[in-house]
Amino acid sequence: MRVRGGYPRLRGLLRHRRRAMAAGLAMTAAALATAGPREAAPPQARAAAVQPAREGRSVDRVTAPVRIADADAVRLLRTGDRVDVIAADGSPAGGGTPRVVASGARVSEVPERGESPVESGALVVLSVPRDTAARLAGAGASARLAVTLR
């Protein structure tokens, strides 16, 4: 048994379904656009307000050049490595107990070895918090520094 005009009606239903779906999507998009979060400040003002927070975070970490006593140990380091810096006073009168000066410092750069024969050890540039950089500078002036890889 065959119903007359069955296929054209099916096409008409599909066509109207597509139109209904398109209209529904358009209304949903319009509703979402108008019901979005309200912002008091324009985008430029928001960007300016966020900028000082980024600067505050970058100021917390500084780069500190540190002279490590063992030049061969520095040759093992690569940019991005995490190291602990240990200070040890070489004299027995100073107690000779090693202490950790910086823990988890990130290696920023490993400069080429200097040509001066007077220099002992090797230089490495570390990214550390500001207070740790002060401790590193003080320890480097009074003790020999070593690194351990993490």
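The values are calculated or read from the model by the stated rules, or taken from the named source; none is laboratory data. Since we're looking at a predicted model, the values are computed, not measured. As a convention, Cβ positions derive from the backbone with ideal geometry for all residues, glycine included, and neighbour counts pool all protein chains shown.
Read through the list (1) out of contact with any Leu (no Cβ under 9 Å at 6 or more places or on another chain); (2) among the small types (Gly, Ala, Ser); (3) at pLDDT 90 or above, then give the number of the only condition that Ala141 fails.
(3)
Taking the condition hydrophobic (A, V, I, L, M, F, W, C), over 35 Å from the mean Cα position of the chain (by Cα) and either more than 24 Å from Arg130 (Cβ to Cβ) or at pLDDT below 70 (or both), does Ala22 pass? So that I can check it myself, show each step before the final result.
Numbers: hydrophobic (A, V, I, L, M, F, W, C): yes; over 35 Å from the mean Cα position of the chain (by Cα): yes; either more than 24 Å from Arg130 (Cβ to Cβ) or at pLDDT below 70 (or both): yes.
Spelling it out, Ala22 is indeed hydrophobic (A, V, I, L, M, F, W, C), over 35 Å from the mean Cα position of the chain (by Cα) and either more than 24 Å from Arg130 (Cβ to Cβ) or at pLDDT below 70 (or both).
Cβ-Cβ below 6 Å, separation at least six or inter-chain, first residue in region 66-95 and assigned by TED's automatic domain parsing to the domain that holds Val125 and under 19 Å from Thr132 (Cα atoms), second hydroxyl-bearing (Ser, Thr, Tyr) and modelled with pLDDT of 90 or more: which pairs?
Pairs found: Asp84/Ser103; Asp84/Thr148.
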